[in-house]
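A short write-up of the structure that comes next.
The values are calculated or read from the model by the stated rules, or taken from the named source; none is laboratory data. This structure is a prediction, so every number in the text was calculated from the model and none was measured. Using ideal geometry, Cβ is built from the backbone for each residue, glycine included, and neighbour counts are taken over all protein chains shown.
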Amino acid sequence: MSEPFRVLIVGAGLMGNWHARYAQTGGGRVCGIVDCSQRAADRLASKFRHCRSWTDLHLSLTQTKPGIVHVCTPVESHRDIAKAALETGAHAIVEKPLAVDAKASEELLRLARDSGLLLIPVHQFLFQDGFRKACRAVSRLGRILHVDIVICSAGGDQGTRNLDDIAAEILPHPLSLIERLAPGSLDDREFSVHRSGEGEWRICWCAKRVSFSVLISLRARPTEASMRIAAERGAIELDLFHGFSTIDSAQPTRAAKLARPFRRSAAQFSLGAANLMRRASTGEFAYPGLRTLISEFHEAARHKGPSPISPEEIMAVAVARDQILARSKA
């Protein structure tokens, strides 16, 4: 059996904590924590055996010699940290978005490819059981007609940060779901972007005879992350906060219409309860999909397998994000 990868976590905040936990349960060995705050780095490092802490990234890379680096810092720092990790021979998994724009993302992906290393952003919704179930179910529901994604985030509570900047950081989540569900749907599109206020975005477009709508709100409550796929023979509803989906393929009869609210509630209750028990049993206590993504990334790195998110997917999301941001400022 091969030795577990030595893992370096850069960023000791909320996401750094969860990355470290899931990296350890995914077969890695957390050997170092880097943060601009020595106190924060020490606190997280104390949770793992023989784990050291630093405030200096390059010193940590030299002394730790990690096999995988997890980048959990603000987006403005992603490019430089990921580049430094790749140049020392480490695979890198980076919180979304991968970089500030598509040009920087392409540069990093090229460096990873030329170095024979894996590099991915954290698009964890793709790895939720509910989304994978939805992808398998689509073929039997006929042609997809409409896809709607709604994200009402508590991120607007984050102090004095610009709400549009937070919305821009959320954007890769819905875009990655759409690209995985319907490849090519982000390519060279005329995105219609409506902003009713700071941090309040609605994005619409059509591709391959499917209409897409993404709503991101930093003020609307309650918090929500949901996706609805409407097809010719049924609909799929995904709860992206909890990681499960329900499928309704009932025939359009009067009885089915009358029973729909009860059928829907019963399905959500039973599947939601089962999903909660599954997550508890596997130790997936937060951010559904992240544990699976990290585990599959570590496996791919260990066995030199294909990346769990292809470079083509990553670039499709990065380019579309740039186009939407440009439209939002027009």
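Residue pairs whose Cβ atoms lie under 6 Å apart, separated by 6 or more positions or on different chains, with the first residue in the stretch 273-284 and within 23 Å of GLY27 (Cα to Cα) and the second among the charged types (D, E, K, R) and surrounded by 13 or more Cβ atoms within 10 Å (Cβ to Cβ), are GLU284/ARG291. Number of residues in the stretch 268-309 that are among the hydroxyl-bearing types (Ser, Thr, Tyr), part of a helix (DSSP H, G or I) and surrounded by 11 or more Cβ atoms within 10 Å (Cβ to Cβ): the value is 4. Can HIS19 be described as in contact with a helix residue (DSSP H, G or I) (Cβ under 9 Å, 6 or more places away or on another chain), crowded, with 23+ Cβ neighbours inside 10 Å and either modelled with pLDDT of 95 or more or in a helix (DSSP H, G or I) (or both)? So HIS19 passes the test. Applying the set (1) hydroxyl-bearing (Ser, Thr, Tyr); (2) assigned to a loop (DSSP other than H, G, I, E, B); (3) modelled with pLDDT under 95 to SER196 leaves exactly one unmet item: (2).
Each residue in the stretch 233-267 was checked for being of a type in the set (Val, Ile, Thr), within 32 Å of the chain's Cα centre (by Cα) and part of a loop (DSSP other than H, G, I, E, B), and 0 pass.
The set of residues in the stretch 143-155 that are buried (at least 20 other Cβ atoms within 10 Å of the Cβ) and modelled with pLDDT under 95 contains only SER153. If you check GLY130 against the conditions, is it in contact with a Phe, Trp or Tyr (Cβ under 6 Å, 6 or more places away or on another chain) and either surrounded by 16 or more Cβ atoms within 10 Å (Cβ to Cβ) or without any contact (Cβ under 8 Å) to a residue 24 or more places away in the chain (or both)? The answer is yes for GLY130.
Within the stretch 251-263, not a single residue is within 26 Å of PRO97 (Cβ to Cβ) and in the same structural domain as VAL150 (by TED's automatic domain parsing). Checking each residue in the stretch 80-122 for being crowded, with 20+ Cβ neighbours inside 10 Å and of a type in the set (D, E, K, R) picks out GLU95, LYS96. Residue check: SER249 meets all listed conditions (1) farther than 15 Å from ASP129 by Cβ; (2) out of contact with any strand residue (DSSP E or B) (no Cβ under 8 Å at 6 or more places or on another chain); (3) surrounded by 11 or more Cβ atoms within 10 Å (Cβ to Cβ) but one, namely (2). The set of residues in the stretch 22-42 that are assigned to a helix (DSSP H, G or I) and either buried (at least 24 other Cβ atoms within 10 Å of the Cβ) or in contact with a helix residue (DSSP H, G or I) (Cβ under 9 Å, 6 or more places away or on another chain) (or both) comprises TYR22, ALA23, THR25, ALA40, ALA41.
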